[in-house]
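Okay, structure first, notes after.
The values are calculated or read from the model by the stated rules, or taken from the named source; none is laboratory data. Predicted, not measured: the structure shown is a model, and the values here were computed from it. Cβ: placed from backbone, ideal geometry, glycine included. Neighbour counts: every protein chain shown. What goes into the accessible areas is simple: the full protein's heavy atoms, side chains included, and nothing from ligands, DNA or RNA. Shrake-Rupley method; radii C 1.70, N 1.55, O 1.52, S 1.80 Å.
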Amino acid sequence: MRTVSSLLLRDSKKGIWLIHVHHVISIACYGTGLYLGRMHFFGVLDGVCEFSVIFLNAKLLWRDLKWRQNSFYILNAYGLVISWFITRILVFPAWIFLFCQDIYNQPQRTKDTVTLFELIMYPGTTIAIWAMSIKWFFPLVFEAYQLSVGKGATKES
């Protein structure tokens, strides 16, 4: 949703290109999994991170409509931080661990049956998204902290 809206609105925020690249690569990986009919467990596990987008989209909508920050906005900020931590900061390393375990413990059912693209791009994409999620986590925590001490958001995020 953010990629589409930023393209339609000609969003020029710093770092928006990173979101576009992330979406193109993710779509390529999901599409490959659907086309080849395998690795669905890992695709779904990666998709778990989208739960946090519910809170993120509410935050962005609030910002874009320039609504006044109120208790709903504050609760949403906490929900975003908590869901982001669980579904991105914790799930992505678990994904990598499970992927490596499958390759090591059952190569005949995993490594030997997938393409080189799947072996490189799927974990590579997950690691890249995990790194981006860590980078974006700190501003989210800072904003939630600022809201909890009554200072409000100090800058547009």
**Fill in**
Within region 75-97, the residues that are open to solvent by 80 Å² or more (accessible area, probe 1.4 Å) and not aromatic (F, W, Y) are L75, I82, I86, L90
**Fill in**
Taking first residues from region 129-153 that are touching a residue at least 24 places away in the same chain (Cβ under 8 Å) and second residues anywhere that are of a type in the set (A, V, I, L, M, F, W, C) and open to solvent by 70 Å² or more (accessible area, probe 1.4 Å), the pairs with Cβ under 8 Å that are 6 or more apart or on different chains are F137/F85
**Message:** For region 1-40, give me each residue that is open to solvent by 100 Å² or more (accessible area, probe 1.4 Å) and at pLDDT below 85.
**Reply:** M1, L7, L8, L9, R10, S12, K14, W17
**Message:** Can you tell me how many residues within region 41-74 are open to solvent by 70 Å² or more (accessible area, probe 1.4 Å), of a type in the set (D, E) and modelled with pLDDT of 90 or more?
**Reply:** 1
**Request:** Just give me the residues in region 135-152 being over 22 Å from A28 (Cβ atoms) and open to solvent by 60 Å² or more (accessible area, probe 1.4 Å), in sequence order.
**Result:** F138, P139, F142, Y145, S148, V149, G150, K151
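Could you tell me which of the residues V44, V81 is among the aliphatic types (A, V, I, L, M), over 15 Å from L147 (Cα atoms) and under 15 Å from the mean Cα position of the chain (by Cα)? Working first, answer last.
Values: V81 fails: over 15 Å from L147 (Cα atoms).
Among V44, V81, only V44 is among the aliphatic types (A, V, I, L, M), over 15 Å from L147 (Cα atoms) and under 15 Å from the mean Cα position of the chain (by Cα).
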**Message:** With the requirement that a residue be touching a residue at least 24 places away in the same chain (Cβ under 8 Å) and either loosely packed, with under 14 Cβ neighbours inside 10 Å or over 25 Å from H22 (Cβ atoms) (or both), what does region 98-126 give you?
**Reply:** L98, T113, T115, F117
